[in-house]
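The values are calculated or read from the model by the stated rules, or taken from the named source; none is laboratory data. Values in this document were obtained by computation on a predicted structure and should not be read as measured data. Methodologically, a virtual Cβ is constructed for each residue, glycine included, from the backbone with ideal geometry; neighbour enumeration extends over all protein chains shown.
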C-alpha cells in the first residue's frame, strides 16, 4: 500500500471543512503521506496554525455555499499551487430541529374547563386520548433558511466542487480521486438516541442526495473514459465539534465509544492507496458494536 501511495507524493489535494474534526484529521494524514494539501474552511485560525507547522499545507478561508468564493479558491489552486488531483468534499452541517417544527403539547381535562394541565410532553405518539381529554399543540414555524443552508452546503457545494475538480483533472489529463464524506444516515434513518433528533431534520435527506450524487458522477466519469475514481465514505458515530451542538449530544458522545476522526482518515488513505484499476465506491465505517 505504501508503494502505491508513492504515486501521490507531491500531488495536490483540496479538502473542504479542513479546520476541524474529520477534515483536519484527513488533512494531517494526507500531509504525512507527502501530498500538498489545500484546506478550505470559514474557520481560518486552526488552518493557519497547521500551515505554520507544515509548509505543505495551504489555508484558504472560504464559504463553500458561495459560488464566487469556490471559483476564487479553485483558481488559486490551479494558478498558484499546482494541478489538482485529489478532491475531498468534507464540509457539512446538521440541524436537530424537527422539520415540522418544535411542538409544545398539553393534555387537558375537559371537565376542569381547560384550567388544569395534567402533564406536558413533546411527542404526539405518547398520548392515548379519550373523550374526557383535549389535546392542544402549538408549533414553531419551520425555518426555510435553515433548510436552504443545509442543502447549499451539504449538497450543492459538493456538486459544484465535484464539477470543478473533474474539469480541472480532465483539462490537465491527470489521474484523479474524489472523496465524499457521507454518513450512515445516507443508507438508513434510525431512531434518534435522544429526544428531538429522531429525524435529524434535512441531514439524512442531504446525505441520501450526496450518496446518489457519488454514483451518478461515477457513471458519468466512466462513460467519459476519465482516469478518475470517486469514493463515498459513510462514518457512523464520530466524535467531532459537530457533536457538541447541544448539551444532550455532547453528553451522548462523551458516553458512547464513538469513532475518532483519524479512523475516517485511515479509510480514505486505504481507498486512495489502491491500484488505479481498483475503485472503492463505498466505505462504511462504524465502531464495533454500533447498531
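Confirm whether residue 287 is surrounded by fewer than 17 Cβ atoms within 10 Å (Cβ to Cβ), in contact with a strand residue (DSSP E or B) (Cβ under 8 Å, 6 or more places away or on another chain) and modelled with pLDDT of 85 or more.
yes
Tally up the residues in region 1-25 that are touching a residue at least 40 places away in the same chain (Cβ under 8 Å), touching a helix residue (DSSP H, G or I) at 6+ places or on another chain (Cβ under 9 Å), surrounded by 16 or more Cβ atoms within 10 Å (Cβ to Cβ) and assigned to a loop (DSSP other than H, G, I, E, B), please.
3
Can you tell me which residues in region 31-57 are part of a loop (DSSP other than H, G, I, E, B) and more than 26 Å from residue 149 (Cα to Cα)?
33, 34, 35, 54, 55, 56
Starting from region 71-83, take each residue that is under 12 Å from residue 38 (Cα atoms) and list its partners that are exposed (fewer than 15 other Cβ atoms within 10 Å of the Cβ), counting only C-beta distances under 6 angstrom and pairs at least six apart or across chains.
Partner pairs satisfying both residue conditions: 83/172.
Against the condition modelled with pLDDT of 95 or more, in contact with a helix residue (DSSP H, G or I) (Cβ under 9 Å, 6 or more places away or on another chain), part of a helix (DSSP H, G or I) and assigned by TED's automatic domain parsing to the domain that holds residue 156, how does residue 28 come out, does it pass?
The answer is yes for residue 28.
Sort out which residues of region 210-226 are surrounded by 14 or more Cβ atoms within 10 Å (Cβ to Cβ) and not in a helix (DSSP H, G or I), and write them in order of number.
Once the filter is applied, which keeps residues that are surrounded by 14 or more Cβ atoms within 10 Å (Cβ to Cβ) and not in a helix (DSSP H, G or I), region 210-226 yields only 226.
Residues in region 261-284 that are surrounded by 15 or more Cβ atoms within 10 Å (Cβ to Cβ) and assigned to a loop (DSSP other than H, G, I, E, B): how many?
Qualifying residue count for the region: 4.
Hey, residue 60 hits all of (1) part of a helix (DSSP H, G or I); (2) surrounded by fewer than 22 Cβ atoms within 10 Å (Cβ to Cβ) but one; which does it fall short on?
(1)
For region 196-209, check the following and say yes or no: at least one residue is in the same structural domain as residue 25 (by TED's automatic domain parsing), at pLDDT below 80 and either within 27 Å of residue 3 (Cβ to Cβ) or surrounded by 19 or more Cβ atoms within 10 Å (Cβ to Cβ) (or both).
yes
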